[in-house]
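Heads up: the structure comes next, in structure tokens.
The values are calculated or read from the model by the stated rules, or taken from the named source; none is laboratory data. Nothing here was measured: the structure is a model prediction, and the numbers come from that model. Cβ atoms come from the backbone with ideal geometry, glycine included; neighbour counts cover every protein chain shown. Heads up: the accessible areas ignore ligands, DNA and RNA and are worked out on the full protein's heavy atoms, side chains in. Shrake-Rupley method; radii C 1.70, N 1.55, O 1.52, S 1.80 Å.
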Amino acid sequence: MNPRIVVLGSTGFVGSMLLERLRNYEGLEWSGFSSSELNLASPCASDQLTKQIDRDTVLISCVRSRPKYDLLDTFSEENLININLAKSLSQQRIRKCIYFSTLSVYGDSETDLCISENTAPSQTSLYGISKFSGEYLLQEASQKAGTPLIILRPCKIYGPGDKSNAYGPARFIKSIIRDNQVSLFGPGKELRDHLFIDDLIDIVLRLALGKQTGIYNVASGSSQSFLEMIDILKEIASSSFGVCHVERDNPPIDQRIDISKLLDSLPGITFTELKSGLYQTYQYILRQPC
């Protein structure tokens, strides 16, 4: 019997793109829940979620707390979401659970050019702490219920549909179109991995429908500097734009992600080149209303 896929966080960037892809799958039952439909931070959330899942369910949780003015409020809500997820999983065995964690569980304060799943976690942010706590809670709950679990630790995801203003592709492109200028922290030479949204969705669905379990770093395996990204955007944009270098508060950190485990588990997987991904993202944002 085909699994029934349930997506939590269905109106977010990743969740909405997942649902869009699932609409093209024939014979596959799926549903999605936004925070307005199923608020995982509410007291009765675990009971509500348990009613929506059964032994044929593949549950994909890409939900996260909305950033708030008070970081402790955001941290508290993120923990409530994780607790309710764990409560529900401990009550109902399902076919598989896929939990979106973050590369931030490894920390963001030191250069590391070989971050693998064996790298010791060392969180340096409340977000990283909350996600690592979520990993532990879901591992305990899924083991208790006998549910296979996949934990994904993705790098920064970008592409059409990204409405965020986080430092990186979407912010740069919006600034180019709106202000004809981009602001970079320092020289912009620190290395980061960025994964195109279509590639992420391919990975998630293959893992959802396969037999894999465990922890996976999810990235392209290729890191470029933000300055290199700006040079590519100069080729894509139809007009030149200014680059403003802003003094940074923290020292530059280089990161490169080892995705050997992912490649071994998903033979034949390919990744969108940064130039192609940035071009598609640029065209998408260019078509959006101001």
Output ordering of 1-11, 171-181 (per-residue mean of other Cβ within 10 Å, highest first) is 1-11, 171-181
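How would you classify region 98-168 from its alpha-carbon gyration tensor, with a ≥ b ≥ c the square roots of the eigenvalues: rounded for a/c under 1.5, else prolate if a/b is greater than b/c, otherwise oblate?
Working: a/c = 2.05, a/b = 1.36, b/c = 1.50.
Since a/c reaches 1.5 but b/c is at least a/b, the shape of region 98-168 is classed as oblate.
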Straight-line reach check, LYS131, cutoff 17 Å on alpha carbons, 8 or more apart in-chain or any other chain, hits among aspartates and glutamates -> ASP73, GLU77, GLU78, ASP108, GLU117, GLU140
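Given a cut-off of 21 Å, name the pairs among LYS51/LYS87; LYS156/LYS189; LYS211/LYS261; LYS87/LYS261 whose C-alpha atoms lie farther apart than that in the structure shown. Each step should come with its number before you reach the end.
Working: LYS51/LYS87 12 Å; LYS156/LYS189 17 Å; LYS211/LYS261 14 Å; LYS87/LYS261 29 Å.
Going by Cα-Cα distance, LYS87/LYS261 fall outside the 21 Å limit.
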The answer for trypsin sites (Lys or Arg not before Pro) in region 245-275 that fall in a DSSP coil and have at most 13 neighbouring Cβ atoms within 10 Å is ARG248
Of the DSSP H helices in the chain, the ones reaching 30 Å or more along their long axis in Cα terms and averaging at least -0.5 in Kyte-Doolittle hydropathy are 71-91
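Rolling a 1.4 Å sphere over the protein heavy atoms, what is the accessible area per residue of region 52-197, to the nearest Å²?
Values: 6510 Å² over 146 residues.
With the other protein chains kept in place, region 52-197 gives 45 Å² per residue.
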For ARG248, other-chain or 5+-apart residues with amide H closer than 5 Å (H placed, Pro excluded) are GLY186
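For a quick protection proxy, order the peptides 161-170, 95-104 by their average other-Cβ count within 10 Å, most packed first. List each step's numbers first, then the result.
Details: 161-170: 16.7, 95-104: 22.8.
In descending order of packing, they fall as 95-104, 161-170.
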Pseudo-spin-label distance LYS144 to SER122, built 7 Å along Cα→Cβ, given in nm, is 3.2 nm
Extend 7 Å from the Cα of THR111 along its Cα-to-C-beta direction; within region 242-264, residues with backbone N under 16 Å of that point are 250-257
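When DSSP beta bridges are limited to those with both residues in region 138-290, what percentage is antiparallel, rounded to the nearest 5? Intermediate results must be reported in sequence, preceding the final value.
On the way: 3 of 16 bridges.
Antiparallel: roughly 20 percent of the beta bridges in region 138-290.
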If each part is reduced to its alpha-carbon centroid, region 64-85 and region 185-209 end up apart, in Å, by 24 Å
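So for each of 148-160, 231-243 I average, over its residues, the number of other beta carbons within 10 Å; can you give me the resulting order with the highest mean first?
Numbers: 148-160: 21.8, 231-243: 13.5.
Peptide ranking by packing, descending: 148-160, 231-243.
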Taking a straight Cα-to-Cα line shorter than 15 Å from LYS144, and setting aside same-chain aspartates and glutamates fewer than 8 residues away, one finds GLU135
Computed ³J(HN,Hα) along region 244-260: with the Karplus parameters 6.51/-1.76/1.60, θ = phi - 60°, integer Hz and x for glycine or proline, the list is 9, 9, 9, 4, 8, 7, 10, x, x, 10, 9, 9, 9, 9, 7, 10, 4
